[in-house]
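Structure provided below as structure tokens; questions to follow.
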Amino acid sequence: MSVLQEKRHESKIEFVNTARLLYAEVINFLSRLSARYSRLIAGEIAKLAIEVISEAEKANSIFPNDAVRYELRERHLLESKAALDALDVQLTYCYMILIENPQGAFVSVQTGKPLKSEIAKKKLDNMAQKCGNLLNTEGVLLTGQLKMIEEKKREMS
């Protein structure tokens, strides 16, 4: 049976779910770049997206029931947050580069030819909006997790 929407609350692992969505969105975007750009920028951006989800998964796999485990979980959350911040910067640089020459950024799946400038700009803006929203949400969720750990560590002291 479903829970009524007004009775729902944020899941404790929502930071993992959002990291997964962010990873999928980034990879989806990178896989659509033309070979010209994907060779230059896709690899490093993909590594950062992988690091965000990997560190979030590691943090989530640790059940914090003592000081050492809280510390370890916190470390993975901090690594995920650092990778998220770096990913945000790299995606911003990517956007800045691609917006200068949008018609050279994407190729049509059907024809294999570059997309027209106005279509490429829309595609790029949609990517920026989706990724930006997910980056912001993930940042808030990770910060919330880190605050919870700080509170628990204070209680244990």
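When you look at E155, is it over 21 Å from the mean Cα position of the chain (by Cα), at pLDDT 90 or above and over 21 Å from E25 (Cβ atoms), yes or no?
On the way: over 21 Å from the mean Cα position of the chain (by Cα): yes; at pLDDT 90 or above: no; over 21 Å from E25 (Cβ atoms): yes.
For E155, the condition - over 21 Å from the mean Cα position of the chain (by Cα), at pLDDT 90 or above and over 21 Å from E25 (Cβ atoms) - is not met.
While we're here: Would you be able to tell me the number of residues in region 33-67 that are β-branched (V, I, T) and over 24 Å from L141 (Cβ atoms)? Give the derivation first.
First, pick out the residues of region 33-67 that are β-branched (V, I, T): 41, 45, 50, 52-53, 62.
Applying the additional criterion that residues be over 24 Å from L141 (Cβ atoms) yields 41.
The qualifying residues number 1.
Any residue in region 76-94 that's farther than 15 Å from E25 by Cβ and surrounded by fewer than 22 Cβ atoms within 10 Å (Cβ to Cβ): show its pairings with residues that are of a type in the set (D, E) and modelled with pLDDT under 95 at Cβ separation under 7 Å, as long as the two are six or more apart or on different chains.
none
Which one is modelled with the highest pLDDT among residues in region 102-119 that are surrounded by fewer than 16 Cβ atoms within 10 Å (Cβ to Cβ) and among the hydrophobic types (A, V, I, L, M, F, W, C)?
I119
Among the numbered conditions (1) surrounded by fewer than 16 Cβ atoms within 10 Å (Cβ to Cβ); (2) more than 30 Å from K123 (Cα to Cα), tell me where I99 comes up short.
Looking at each condition in turn, I99 falls short on (2).
Taking region 120-131, which residues are of a type outside the set (D, E), within 21 Å of the chain's Cα centre (by Cα) and open to solvent by 20 Å² or more (accessible area, probe 1.4 Å)? Full working, then the answer.
Of all residues in region 120-131, those of a type outside the set (D, E) come to 120-124, 126-131.
Now narrow it down to the ones that are within 21 Å of the chain's Cα centre (by Cα): 122-124, 126-131.
Within region 120-131, K122, K123, N126, A128, Q129, K130 qualify.
Next question. Go through region 9-115 and tell me which helices (runs of 4 or more DSSP H), entirely inside it, have 1 or more residues that are among the aromatic types (F, W, Y). Even if it seems obvious, please write down each step before you answer.
Working: elements: 14-31, 43-61, 67-100.
So the answer is 14-31, 67-100.
The values are calculated or read from the model by the stated rules, or taken from the named source; none is laboratory data. Just so we're clear, the structure is a prediction, and the values are computed from it rather than from any experiment. Backbone-built Cβ (ideal geometry, glycine too); neighbour counts: all protein chains shown. Ligands, DNA and RNA are stripped out before the accessible areas are found, and what is left, the full protein with its side chains, is counted by its heavy atoms. Shrake-Rupley method; radii C 1.70, N 1.55, O 1.52, S 1.80 Å.
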